[in-house]
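Below is one structure, written out as structure tokens, with a few remarks after it.
The values are calculated or read from the model by the stated rules, or taken from the named source; none is laboratory data. Since the structure is predicted, the reported quantities are computational estimates derived from the model, not experimental observations. Cβ atoms come from the backbone with ideal geometry, glycine included; neighbour counts cover every protein chain shown.
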Amino acid sequence: MFFRSSKKPPTPSSYSSLGTDLHSHLIPGIDDGVRTLEESLTLIRRLVEMGYKKIITTPHVMADHYPNTRERILEGKEAVLEGLKGPDGYRGEGIEFDVAAEYFLDENFERLLQEEDLLTLPGNRVLIEMAGVAPASNLHDLLFRMQTKGYKPLLAHPERYPYYTRDFNAVERLKEYGCEFQLNLLSLTGHYGTTVRDQAFKLLKKGLIDFLGTDMHHEQHADKLKEALSDRKVRKVLEGTRFKNAGL
């Protein structure tokens, strides 16, 4: 929700007002994110330089492409934490590093929801994503089942789903089903195209966005995020919108 203040806030030179990044792909070699531990440590360092104090990275869990397990993700976390202690790399001063997951809503997710403890963000939030061609056919049922198990669904980058661009009422209705929204910072820069950018700002104006995330995969994303701080529209969002990141 946008708000006015009698005093003009300072122009942000970093993302420190957010505090926590809750969407990235920084576990080496398990999805379409970083390939090596060195890449992971480099991107963590760059996030710290951009003002973040806490990183909760979220590897994909997607049966057809990235069939990651809870155990594999937690092993990856330990490898990164060990790397942060290493004498030859970035030591991770001033950063808290943890993991959750970005779950694709497929049949495997339904099984995991039924049989296992999901990897969650603070507040027992579960980061979820869907296909680009159409929403999950049983989406509302899944949202209900997640909540009956004590989870809080958090939809990643709703601005990037074409079907919600064509039917904005549908994305608004998800709020009624208890779903929170996480918007990608890169969407505000036009990185994914002008249609996604316009949808991102529309969601912000409607007060529908709860969290901002980097969705960082590689160093080019880091470069773009750093450049974004000089974008007037991005600065306005950071200055004038309250998000839940800082409370994590």
Here the residues within region 230-242 that are touching a Phe, Trp or Tyr at 6+ places or on another chain (Cβ under 8 Å) and over 20 Å from residue 194 (Cβ atoms) are 238, 240, 241, 242
Look at region 93-110 and say how many of its residues are over 30 Å from residue 49 (Cβ atoms), of a type in the set (A, V, I, L, M, F, W, C) and not in a helix (DSSP H, G or I). 2
Under 8 Å between Cβ atoms, which residue pairs at least 6 apart in sequence (or on different chains) link something in region 230-248 that is over 17 Å from residue 191 (Cβ atoms) with a partner that is part of a helix (DSSP H, G or I) and modelled with pLDDT of 90 or more? 241/204
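Given the criteria hydrophobic (A, V, I, L, M, F, W, C), closer than 22 Å to residue 44 by Cβ and touching a residue at least 40 places away in the same chain (Cβ under 8 Å), does residue 225 qualify? Break it down stepwise before answering.
Values: hydrophobic (A, V, I, L, M, F, W, C): yes; closer than 22 Å to residue 44 by Cβ: yes; touching a residue at least 40 places away in the same chain (Cβ under 8 Å): yes.
In short, yes.
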If I filter region 73-89 down to residues being modelled with pLDDT under 95 and of a type in the set (Gly, Ala, Ser), which single residue comes out as surrounded by the fewest Cβ atoms within 10 Å (Cβ to Cβ)? 86
Yes or no: residue 123 touching a residue at least 12 places away in the same chain (Cβ under 8 Å), in a loop (DSSP other than H, G, I, E, B) and farther than 20 Å from residue 21 by Cβ? no
Of the residues in region 167-199, those that are assigned to a helix (DSSP H, G or I) and within 22 Å of residue 47 (Cα to Cα) come to 185, 186, 187, 188, 189
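Being surrounded by 15 or more Cβ atoms within 10 Å (Cβ to Cβ), outside any loop (DSSP other than H, G, I, E, B) and in contact with a strand residue (DSSP E or B) (Cβ under 6 Å, 6 or more places away or on another chain) is the requirement here; does residue 113 meet it? Full working, then the answer.
Details: surrounded by 15 or more Cβ atoms within 10 Å (Cβ to Cβ): yes; outside any loop (DSSP other than H, G, I, E, B): yes; in contact with a strand residue (DSSP E or B) (Cβ under 6 Å, 6 or more places away or on another chain): no.
No: the conditions fail for residue 113.
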Return only the number of the condition from (1) without any contact (Cβ under 8 Å) to a residue 40 or more places away in the chain; (2) of a type outside the set (Phe, Trp, Tyr); (3) farther than 23 Å from residue 244 by Cα that residue 16 does not satisfy. (3)
If you take the residues of region 144-163 that are charged (D, E, K, R) and free of Cβ contacts under 8 Å to residues at least 40 places away in the same chain, which of them is nearest to residue 129 (Cα to Cα)? 160
Evaluate the following for residue 84: is it in contact with a Gly (Cβ under 8 Å, 6 or more places away or on another chain), over 30 Å from residue 177 (Cβ atoms) and either touching a residue at least 12 places away in the same chain (Cβ under 8 Å) or aliphatic (A, V, I, L, M) (or both)? yes
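State yes or no: is residue 204 at pLDDT 95 or above, farther than 20 Å from residue 128 by Cα and either crowded, with 21+ Cβ neighbours inside 10 Å or among the polar types (S, T, N, Q) (or both)?
Working: at pLDDT 95 or above: yes; farther than 20 Å from residue 128 by Cα: no; either crowded, with 21+ Cβ neighbours inside 10 Å or among the polar types (S, T, N, Q) (or both): yes.
Spelling it out, it is not the case that residue 204 is at pLDDT 95 or above, farther than 20 Å from residue 128 by Cα and either crowded, with 21+ Cβ neighbours inside 10 Å or among the polar types (S, T, N, Q) (or both).
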What is the number of the single condition among (1) in contact with a strand residue (DSSP E or B) (Cβ under 8 Å, 6 or more places away or on another chain); (2) modelled with pLDDT of 95 or more; (3) surrounded by fewer than 18 Cβ atoms within 10 Å (Cβ to Cβ) that residue 241 does not meet? (2)
Of all residues in region 43-72 being surrounded by 18 or more Cβ atoms within 10 Å (Cβ to Cβ) and among the polar types (S, T, N, Q), which is nearest to residue 13 (Cα to Cα)? 57
